[in-house]
1. Quick check on the exposure proxy: order Asp214, Asp83 from fewest to most C-beta atoms within 10 angstrom.
2. Please turn the phi angles of segment 224-238 into ³J(HN,Hα) values with the Karplus equation 6.51 cos²θ - 1.76 cosθ + 1.60 (θ = phi - 60°), one per residue in order, whole Hz, x for glycine and proline.
3. Tell me which trypsin sites (Lys or Arg not before Pro) from segment 165-215 have a DSSP coil assignment and no more than 13 other beta carbons within 10 Å of their own.
4. By how many degrees, between 0 and 90 and to the nearest 10, does the Cα long axis of helix 2-20 differ from the longest principal axis of the chain?
5. Got the relative contact order for segment 159-267 handy, in percent, Cα pairs under 8 Å and 6 or more residues apart?
6. Across bins of 10 angstrom width beginning at 0, how are the C-alpha pair distances of segment 33-155 distributed, in whole percent?
7. Where the centre of each part is set by its Cα atoms, how far does segment 191-269 sit from segment 52-109, in angstrom?
8. Using a 10 angstrom Cβ neighbour count of at most 15 plus a DSSP loop assignment to flag exposed chymotrypsin sites (Phe, Trp or Tyr not before Pro), which longest range of the chain is free of such sites?
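The numbers here are math on the coordinates, done by the rules we state, and not lab data. Please read these numbers as outputs of a predicted model, since none were measured by experiment. FYI the Cβ positions are ideal-geometry reconstructions off the backbone, even for glycines, and counts take in every protein chain you see.
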Amino acid sequence: MIRRALAVAATALVALGMTATPVWAAAPSNDELAGAIPITLGEQVTEDTTEATTSSVDTTANQSCGFSSMSASVWYTFTPTADTGFAVDTTASSYAAGFMVFNGTPGPNTGMACGWGQEGDLAAHAGKTYTIVVFDADGDQVNGGNLVLDLQDLGPLPSLKVTLDPRANVDKAGTVLLTGTYSCTRAHRIGFDIQLSEAVGRFTINGFASMTEDNPCDGSTIRFAIPATGYDGKFAGGKATALVSTDACGDTVCDGSWTQQTLQLVKGR
């Protein structure tokens, strides 16, 4: 009887030990960049991030932002079908949800925005993939919580197109008169910069020209003429390279681009 009682007690202890073993919850499927969940503009995402972790990928991504604390990170991607402005909003989350947005693969040179709560005025282009990582930025002992992520669609982007005439006159002082046209839509402020460079003998002459306008855009084609003076020498006749960067701002978002053209500089009288 004693041996049987001991055997029953031992069996009970084993059973008790098995039941007391903790069952650990799994990390979310998008805990790592490789498992990033595709989302669409205008979508609201909710997720429990209490079991999410961080890795060296988060540390590398944070080089472009410098958050002092990161834990419980989860990853998302979106690929818009049209050029559009967007905003990221995590203010409805149960914890201090910080985020970073990247143009393509996360890294120190692809960062677009860093935020804690809400960040707007971001531009996305059709067919490109953007990456978002959301994390607990509070630094306290609590890990994550109930994440609410809103990816807000701010509508079509403003646009600005600048075209330089292929020939430009150079006066006796070595100043180039750059001429061409521009047109814009959905913008109330525009600007463009032109970096001009020309090889003259053993040297390269560099110059700069810019233009800004605050008038609303209606899509009309407008001609312009602006001077570019070399800041390290005088321009002469010959081939030159013009790098044109543009910036157009609407009510909610700005967008920019750059193009390169080859010009023929012609000496004037």
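1. By the 10 Å Cβ count, ascending, the order reads Asp214, Asp83.
2. 9, 8, 9, x, 10, 9, x, 9, 9, x, 9, 6, 10, x, x
3. For trypsin sites (Lys or Arg not before Pro) across segment 165-215 that sit outside H, G, I, E and B with at most 13 neighbouring Cβ atoms in 10 Å, the list reads Lys172, Arg202.
4. Computed tilt is about 20 degrees.
5. After rounding, I find 35 percent.
6. Percent of Cα pairs in each bin: 14, 51, 31, 4, 0.
7. Spelled out, the Cα-based centre of one part sits 35 Å from the other.
8. The reported range is 25-230.
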